[in-house]
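*Asks:* Got a structure for you, written out below as structure tokens; questions coming shortly.
The values are calculated or read from the model by the stated rules, or taken from the named source; none is laboratory data. Fair warning: this is a prediction, and the values are worked out from it, not measured in the lab. Cβ atoms come from the backbone with ideal geometry, glycine included; neighbour counts cover every protein chain shown.
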Amino acid sequence: MIPGHTNPLPPALSEVQPGLSFSLSAGQHLEDIFTDPFQSTSNFQESFQALLRTLTARDPATRHHCHRVTQQACRFARFLGLPEKDLKILGTANLLHDIGKIGISDAILFKPSRLTAEERLIIETHTLIGEKLVEHLELHPEETNIILFHHERWDGKGYPQGLGEEEIPLLSRISALADVFDALTSHRPYRSPFPVRKALGEIQLQAGKQFDPHLAQQFIHMVTSCPHNASHPSAPHPAHLRKSRIRARDTSSPMLSR
Ligand SMILES: [Fe+2]
């Protein structure tokens, strides 16, 4: 039970606990999650699972993205030595961090090319829609903050509130890094996935701009020191991530992820 949490943790958290070994492709299939009998019939768990099912039906790619971000955010929190309660908050909230996208029209959500400025403004409302959609769950405030603030930026140019630096809750700053790293290394209709090296280069470039600079460095350190990533052919040695060695793409876009 999370302190201040009035409901038991959702069964979906077992996907990232223990040992953060969850992987959709490693033994557990999405369908299994929904055919398993619920451990509890509480309103919270039923509502939580219903939201996940809705997201799966509407936008399976975003559902998978939410799982990977959850895994990466929890892994990062453990790397940082954060307490278990923070991992649970990250686990619950990140599974639903993009739930608000179910309120975005197909024409924008599934647009096979880059969004216009007007369309971007519309999709940015997914943080506010998400906050509304989880209102009845009575989440821990820090969980709601992740859903609401995972697109805020360190330099204050993010959304929805334009918070800056440590005004942005720590767990939201952690989630932002996990979110963008997954977005960059995933396929998009309008571009190929970035190799790990290139994605970490983007994060390095955005340290102190989009991301908390200290957390960005720690995230890069975590990814580059992970045995799994180290074996990735595109994974760089940390010393190779100096700005002078990075071929940066045009980062004039205010956000690295939708
Ligand atoms: Fe998002």
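So that you can scan it fast, the table gives a plain yes or no per residue for (1) more than 14 Å from the ligand (Cβ to nearest atom); (2) among the aliphatic types (A, V, I, L, M); (3) outside the structural domain of Thr70 (by TED's automatic domain parsing):
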| residue | (1), (2), (3) |
| --- | --- |
| His150 | no, no, no |
| Asp155 | yes, no, no |
| Gly158 | no, no, no |
| Leu163 | yes, yes, no |
| Glu166 | yes, no, no |
| Leu177 | no, yes, yes |
| Phe181 | no, no, yes |
| Leu184 | no, yes, yes |
| His187 | yes, no, yes |
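*Asks:* Still on this structure, please answer the following. Evaluate the following for Leu128: is it over 25 Å from Thr185 (Cβ atoms), touching a residue at least 24 places away in the same chain (Cβ under 8 Å) and within 13 Å of the ligand (Cβ to nearest atom)?
*Replies:* Taking the combined requirement at face value, the residue satisfies it.
*Asks:* Continuing with this model, one more query. Could you identify the single residue in Ile147, Ile174, Ile203 that is in contact with an Asp or Glu (Cβ under 7 Å, 6 or more places away or on another chain), outside any loop (DSSP other than H, G, I, E, B) and among the β-branched types (Val, Ile, Thr)?
*Replies:* Only one candidate qualifies: Ile147.
*Asks:* Still on this structure, please answer the following. So which of Thr116, Thr92 is at pLDDT below 95 and more than 13 Å from the ligand (Cβ to nearest atom)?
*Replies:* None of the others qualify; the one that does is Thr92.
*Asks:* So, in region 177-197, exactly how many residues are closer than 21 Å to Phe79 by Cβ and either of a type in the set (Lys, Arg) or not in a loop (DSSP other than H, G, I, E, B) (or both)?
*Replies:* 10
*Asks:* I need the full set of residues from region 63-89 which are within 16 Å of the ligand (Cβ to nearest atom) and surrounded by fewer than 20 Cβ atoms within 10 Å (Cβ to Cβ), in order please.
*Replies:* His64, the sole residue that qualifies.
So that you can scan it fast, the table gives a plain yes or no per residue for (1) modelled with pLDDT under 95; (2) of a type in the set (Lys, Arg); (3) in a helix (DSSP H, G or I):
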position: Leu20; (1), (2), (3): yes, no, no
position: Gly27; (1), (2), (3): yes, no, no
position: Gln45; (1), (2), (3): yes, no, yes
position: Val69; (1), (2), (3): no, no, yes
position: Phe76; (1), (2), (3): no, no, yes
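*Asks:* Quick one: is Ile108 crowded, with 16+ Cβ neighbours inside 10 Å, assigned to a helix (DSSP H, G or I), among the aliphatic types (A, V, I, L, M) and touching a residue at least 24 places away in the same chain (Cβ under 8 Å)?
*Replies:* Considered against the rule, which asks whether it is crowded, with 16+ Cβ neighbours inside 10 Å, assigned to a helix (DSSP H, G or I), among the aliphatic types (A, V, I, L, M) and touching a residue at least 24 places away in the same chain (Cβ under 8 Å), Ile108 comes out as no.
*Asks:* May I ask you to say which residue of Leu82, Leu115 is over 25 Å from Leu215 (Cα atoms) and in a loop (DSSP other than H, G, I, E, B)?
*Replies:* Being over 25 Å from Leu215 (Cα atoms) and in a loop (DSSP other than H, G, I, E, B) holds for just one of Leu82, Leu115, which is Leu115.
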